[in-house]
Amino acid sequence: MTPRALVLAVLAALLVSACGSNEHSAAPKRFVSRIDNQWFPLSPGTRLVYRGAKDGRPARDVVTVTDRTRVIDGARCTVVRDLLYLDGRLAERTTDWYAQDRAGNVWYFGEATAELDAKGRVKSTEGSWESGVDGAKAGIFMPASPKVGQSGVQEIYKGHAEDHFQVLRVSASKLLTKEWTPLEPGVLDQKSYMRGVGTVKEEAVRGGNERLVLVSFGRL
């Protein structure tokens, strides 16, 4: 083999190796049609209602798993609608997109979020992102089998959406995680999950003022 041929062969091997080790590759063939992860199931028609407070104001958050899907970055995602009310007024509306791979991991493919003013007009869409657009990539929102100490990146859109998580505790029926973002270095949240239900509590434990607890879970 000539020196030039040897160099080309080495480069080709390195390229194959690099492609095979990409943990955030979201090839369509990796995903399934249902999201039945035990810690974050998203069955169409499910409705979850949370109550609590945000920034000192009474809050109610209504999360609905719709029967709609959308293909994002080659994956068919479940569409989830999230409506946040503050002082009884709709203050933020968000559409989230999730898909589950064959191993049972739930991936987060983005969100379209809008913050509303007192008259219901959109005043900000900051934080919105979509995998495959402007360099954004899907991240793993919930592992198939979470283990204490396990961590990951849920949102991959540099400078706009960079949420991280780490598993703190796991039991037969409950899971506790912490979440943070380098975009807000002084803020730390914790989330509690129940097997078969999903998120049951979310609260800021440092640098924030938000607490939401599940008060209703059922089907439409």
| query | With each pseudo-label sitting 7 Å past Cα toward Cβ, what's the ARG121-ALA144 distance in nm, one decimal? | reply | 5.0
| field | Longest segment of the chain lacking GluC sites (Glu not before Pro) that sit in a DSSP loop with at most 12 other Cβ atoms within 10 Å | value | 24-125
| So how far apart, in nm, are the two label points at ARG34 and SER151 if each is 7 Å from Cα heading toward Cβ? | 3.5
| query | Which value does Rg/Rh take for the range 3-219 over its C-alpha atoms, Rh per Kirkwood? | reply | 1.02
| What list of ³J(HN,Hα) values in whole Hz, one per residue of the range 155-164 in order, does the Karplus curve 6.51 cos²θ - 1.76 cosθ + 1.60 (θ = phi - 60°) give from phi, with Gly and Pro shown as x? | 10, 10, 9, 3, x, 10, 8, 9, 5, 10
| query | Between ARG70 and LEU176, what FRET efficiency follows from the Cβ-Cβ distance if R0 is 30 Å, with the result rounded to 0.05? | reply | 0.45
| said: I'd like the Karplus ³J(HN,Hα) series for the range 130-144: coefficients 6.51, -1.76, 1.60, θ = phi - 60°, whole numbers in Hz, and an x wherever there's a Gly or Pro. | reply: 8, 4, x, 10, 6, x, 6, 9, 5, x, 7, 7, 9, x, 5
| field | Contact order normalised by residue count of the range 3-219, Cα under 8 Å, 6+ apart, percent | value | 18
| message | At a 10 Å Cβ-Cβ cut-off, how would you order VAL62, VAL205, VAL170, fewest neighbours first? | response | VAL205, VAL62, VAL170
| note | Fewest to most Cβ atoms within 10 Å: PHE40, PHE217 sort as PHE217, PHE40
| task | Can you tell me how much longer the chain between ALA204 and ASP55 gets when fully stretched, taken as 0.36 nm per residue apart minus their C-alpha distance, in nm with one decimal? | result | 52.6 nm
| Between 0 and 90°, nearest 10: helix 3-20 axis offset from the chain longest Cα axis | 20
| Total lysine pairs whose alpha carbons fall under 16 Å of each other in the range 3-219 (8 or more apart, or interchain) | 11
| Which loop-located trypsin sites (Lys or Arg not before Pro) does the range 83-128 contain, where loop means any DSSP state but H, G, I, E or B and the Cβ has at most 13 other Cβ atoms within 10 Å? | ARG102, LYS119, ARG121
| field | Sequence of ASP163, ASP36, ASP55 once ranked by neighbouring C-beta atoms within 10 Å, starting from the fewest | value | ASP55, ASP36, ASP163
| task | Sticking with the crude label model, points 7 Å out along Cα→Cβ, report the distance from ALA103 to VAL187 in nm, one decimal please. | result | 3.0
| request: Apply the Karplus parameterisation 6.51 cos²θ - 1.76 cosθ + 1.60, with θ equal to phi minus 60°, to every residue of the range 208-217 and state each ³J(HN,Hα) to the nearest whole Hz, in sequence, with x for glycine and proline. | output: x, 9, 8, 8, 10, 10, 5, 10, 8, 9
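None of the figures in this text is laboratory data; all of them are computed from the coordinates on show. Since the structure is predicted, the reported quantities are computational estimates derived from the model, not experimental observations. In this analysis, Cβ positions are derived from the backbone assuming ideal geometry, glycine residues included, and neighbour counts consider all displayed protein chains.
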